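The values are calculated or read from the model by the stated rules, or taken from the named source; none is laboratory data. Quick caveat, the model's predicted, so the values are computed rather than measured. No Cβ is skipped: glycine too gets one built from the backbone with ideal geometry, and neighbour counts run over all protein chains shown. Each accessible area value is taken on the protein alone, full model and side chains, heavy atoms only, with ligands, DNA and RNA left out. Shrake-Rupley method; radii C 1.70, N 1.55, O 1.52, S 1.80 Å.
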Amino acid sequence: MFFRVVLLALVALTGMSVQGAEPPVSLTVQVDKPAHKISPYLYGIFFEDINYAADGGVYAELVQNRSFEFKAADALFAWSKVERGGGAVNLSVETDRPLNESNPHFLRLQVQSVGKGAGVANSGFGGIAVKRCEKNLFSVQARADGGFRGGLTAQLESADGKLLGSCRVGPLSSDWKKFTGTIVSSVTDTNARLVVLATGTGTVDLDMVSLFAENTWKKRPNGLRADLVQMLADMKPSFMRFPGGCIVEGKDLDNRYRWKDTIGDVAGRKMNWNRWQDAVAIKAPQYYQSYGLGFYEFFQLCEDIGAEPLPVLNCGMSCQYQDKQVVPIDQLDPFIQDALDLIEFANGPVTGPWGAKRAAMGHPAPFRLKFLGIGNEQWGETYFERYPRFHAAIKAKHPEIQLVSAAGPSPDGQWFDYAWPRLKQIPADLVDEHYYKPPQWFLDNTHRYDNYDRNGPKVFAGEYAAQNRNRRNTLEAALAEAAFMTGLERNSDIVSLASYAPLFAKIGSTQWHPDLIWFDNTRVYGSPSYYVQKLFSLNRGDVVLPAQLSVTNLFGAASRDTRTGDVILKVVNPSAEAAEMSVELEGAAGVSPTAQATVLASVRLSDENSLGEPAKVAPVTATVRGVGREFRQTFKPYSLTILRLNAGRQ
Ligand code: AHR
């Protein structure tokens, strides 16, 4: 039922030849003998706040360090004092009578004289990008004391101080109050800043200083960048794993991701430092998690793009590469309760405490959570003392939830081998396998799952990427992943879900390469790997068709979309030579003479996309004529081809 090496047999059988001496490559697809169903969840995405994917990335907040919760040394990071034309002000970060307990710090302005301007400026995440005539929504929590009379002027300015637009809010009183205003920019500027000026002398306290372009994804307040979300929506992923990765584990337990800190009013979400601050190679000391993109927003995003949510929770262990902290077994209950509460938050009735919180945030309908991950890349005895406790407690209450368990950080070796027999015994539902390997490994492992035990847990290929020596997002890496994915698809009776990692990377602010989608403050492009993921996802059949390919240097998978009757062939040619192939659709009746071919190819394996050339390696779709039950097709050098043939309904 799988592609097999039957070169000589098939050549002898078909007796065909191409260009004289060379025997043809043949592909035989048994259209009338469909094999197993393809998992409907096979192709998804994995979001982690790494490479500034959230704050400074898809979370559309334009102000950096809006709540002054960065560590003391960086308390005023991204902020600077503004004193113009006789204006005089002192800035300090204070904690007396804060906005709330989760947000203990705020900025105090002691304005001695207003002059032509006294206040603060925020430089955003490497500049604030605004568009001509578009609205920007400003908000701030503020209060005043010491005889202050007046309000605040919030204005957008270019780097050289030119006024682009402004609004006024106030008057301030001695109690915290949220003020909002709208600033329309007169020009497009990718490097503006937000300036907040006091209109009187005295003491002014500011917190949650915020600015969003009105045009977020679906124009949601506290929203996401529309262009970046569109890239995800275009992939039509069937699930989204979130929020990580290593950030779930944390460097230590205190730093772990706590979903309960990420819901409710944004002003009450407790900030955390980002574990990727401490990345081995590229440190980013001011990298934080505001949690403005929190679990509610993740669920909402999943719903928007039609992806099943797959949250991952900490299992009572911090990163085993870093501080290796472990929660004693007799103190594990709150962690298990977090998991049970999350299921209630996602699916529970609005009459329950957690369902009520979901409803209060604007979504009374359940999010229909089906999958839940317990731990990220955990391994060894420590994990297997903890995971079964989560499993038992969750299954007892929610047998409908499919649990994802860890198999360590590698796709083989000591910890992997330790995990699998134990996971079979539990038995686990889905085992999360991770592979970051050279392209050749992916080419060598296209048959990895052919002989996996069909009676054990299913596989979730939760993180993978081909990493070449210089860790670039090249066509070579993308084709290796595509070849590997043909193996996932052929084996999708055992491999239920798969996702590339990491998803996003902000140019100039990365801790990890390669990555799927690259962006700066205004632009975005997909890597060749992005197009591979997208093409596989958009061209799914629902049933595998057995197929035999006569060579081992090409890779492929065949499937059928039983709704449309389409036969879908995915062929990867990673070599420098074009491949002439004779294709036979055995048992197919009424094959249409035209088909659709989508080809991702380029001239060199080292080719990649960039801001300058965002579509250097991008798919091209064309109509192919003269196909039928038997036909010849040329597959370009260095290419992935998706061939959709209409073979009528069988
Ligand atoms: O994807 C980057 C990191 O790789 C993830 O956080 C972690 O799970 C893996 O080690």
Sketch the reach of a paramagnetic label on Lys636 as a point 7 Å from Cα along Cα-to-Cβ, and name the residues of the range 568-608 whose backbone nitrogen lies under 17 Å away.
570-581, 596-608
Roughly what would the spin-label model give for Ala88 and Leu611, points 7 Å off Cα along C-beta, in nm?
4.2
Modelling each spin label as a point 7 Å along the Cα-to-Cβ direction, I'd like the Ser80/Asp417 distance in nm, to one decimal.
5.8
How much accessible area per residue does the chain have, in Å², with a 1.4 Å probe?
38
Most to least packed among 164-171, 184-191 [average Cβ atoms within 10 Å]
164-171, 184-191
Carbon-plus-sulfur fraction of the accessible area of the chain, 1.4 Å probe, in percent?
51
Sorted by chain and number, the residues with a modelled amide H under 5 Å from that of Phe504, at a separation of 5 or more or across chains, are Glu48, Leu516, Ile517
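Take a quick pass over the range 93-211 and tell me how many lysine pairs come in under 20 angstrom between Cα atoms, counting only ones 8 or more apart or on separate chains. Let's see the in-between values first.
Numbers: Lys116/Lys162; Lys131/Lys162; Lys135/Lys162; Lys135/Lys178.
Final tally of qualifying lysine pairs is 4.
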By how many nm would the segment from Ala233 to Thr562 grow when fully extended, if each residue of separation counts as 0.36 nm and the alpha-carbon distance is taken off?
116.1 nm
Near the amide H of Gly565, under 5 Å away, which other amide H atoms are found, from residues 5 or more places off or on another chain, if H is placed in the peptide plane?
none
Work out the length of the dipole vector of the chain about its Cα centre, built from +1 on the beta-carbon of each Lys and Arg and -1 on the beta-carbon of each Asp and Glu, and round it to the nearest 20 debye.
1300
Restricting attention to the range 78-168, which GluC sites (Glu not before Pro) occupy a DSSP loop and are surrounded by at most 15 other Cβ atoms within 10 Å?
Glu101, Glu134
Within straight cross-link reach of Lys37, meaning Cα distance under 30 Å, which lysines are found once same-chain residues fewer than 8 apart are removed?
Lys236, Lys370, Lys395, Lys397, Lys424, Lys437, Lys458, Lys534, Lys570, Lys636
Once amide H atoms are placed 1.01 Å from N in the peptide plane, what residues at a sequence separation of 5 or more from Asn136, or on another chain, have their amide H within under 5 Å of its amide H?
Ile183, Val184, Ser185, Glu214
With a Förster distance of 41 angstrom and the Cβ-Cβ distance between Lys135 and Gln596, calculated FRET efficiency to the nearest 0.05 equals 0.50
Within the range 269-335, DSSP-loop trypsin sites (Lys or Arg not before Pro) with at most 14 other C-beta atoms within 10 Å are Lys283, Lys324
At 20 angstrom or more along the helix axis (alpha-carbon based) and mean Kyte-Doolittle of -0.5 or higher, what helices does the chain contain? Whole DSSP H runs only.
333-347, 475-490
Once both label points are put 7 Å beyond Cα along the C-beta direction, the Glu303-Ala159 separation in nm becomes 4.1
Based on the Cβ-Cβ distance from Arg629 to Arg472, what FRET efficiency comes out when R0 is 45 Å, to the nearest 0.05?
0.60
